[in-house]
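Have a look at the structure below, then the notes.
The values are calculated or read from the model by the stated rules, or taken from the named source; none is laboratory data. Remember, predicted model here, so these are calculated numbers, not experimental data. Here the Cβ is made from the backbone with ideal geometry for all residues, glycine too, and neighbour counts use every protein chain on show.
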């Protein structure tokens, strides 16, 4: 009987751990959003809204270097690169840079790029007017896609900031894609 009581306590403790882990999993999403909001990492870099360059005064007296870094998450077999390692822009000027991905597998896959910008203090001055990171990318086996990204470095950017680095991490989100979308894409390739 003493063994049965010990087993019940063990089962109760393990059940609490399982429910605790489940709750923690749900709590991670708002915690991640809060972290992104505070740090600017992996989150919104200047907003996904229309930013009218006509309202910006271009500051032709200075140039800011914007560097582009691309990488794939450990399980993502795609190739991912930008056409340029960086560009120099006048604050307030609309600029476009193309990025490319290639699905190197023999199956339909879906990818999602997550941006981050440093220095974090410049996040509020970096405005993407068009970006592949706003949407997931579905690619057929062997397909290469050109993805434009348009941005404006706000003319209000503090004068001591001379360089920004925009980094994209590409993740495999195929398992989270809509089955109908994948089935339709699969029938296109077949």
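Figures for the structure shown
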item	result
Segments classed as strands (runs of 3 or more DSSP E), wholly inside segment 130-180, with at least 2 members that are over 13 Å from the mean Cα position of the chain (by Cα), closer than 26 Å to residue 56 by Cα and touching a residue at least 60 places away in the same chain (Cβ under 8 Å)	144-153, 163-172
Boolean, residue 179 is touching a helix residue (DSSP H, G or I) at 6+ places or on another chain (Cβ under 7 Å), surrounded by fewer than 13 Cβ atoms within 10 Å (Cβ to Cβ) and assigned by TED's automatic domain parsing to the domain that holds residue 57	no
Residue check, residue 124 assigned by TED's automatic domain parsing to the domain that holds residue 177, more than 17 Å from the chain's Cα centre (by Cα) and in contact (Cβ under 8 Å) with a residue 24 or more places away in the chain	no
Residues within segment 96-129 that are within 27 Å of residue 158 (Cβ to Cβ), surrounded by fewer than 16 Cβ atoms within 10 Å (Cβ to Cβ) and touching a strand residue (DSSP E or B) at 6+ places or on another chain (Cβ under 8 Å), tallied	3
Residue match in segment 44-63 (condition: at pLDDT 55 or above, under 15 Å from the mean Cα position of the chain (by Cα) and either outside the structural domain of residue 97 (by TED's automatic domain parsing) or not in a loop (DSSP other than H, G, I, E, B) (or both))	no
Check on residue 150, closer than 19 Å to residue 70 by Cα and either crowded, with 17+ Cβ neighbours inside 10 Å or not assigned by TED's automatic domain parsing to the domain that holds residue 90 (or both)	no
Residue check, residue 104 part of a loop (DSSP other than H, G, I, E, B), assigned by TED's automatic domain parsing to the domain that holds residue 178 and modelled with pLDDT of 95 or more	yes
Those residues of segment 66-75 which are more than 14 Å from the chain's Cα centre (by Cα) and either outside the structural domain of residue 133 (by TED's automatic domain parsing) or surrounded by 18 or more Cβ atoms within 10 Å (Cβ to Cβ) (or both), in sequence order	66
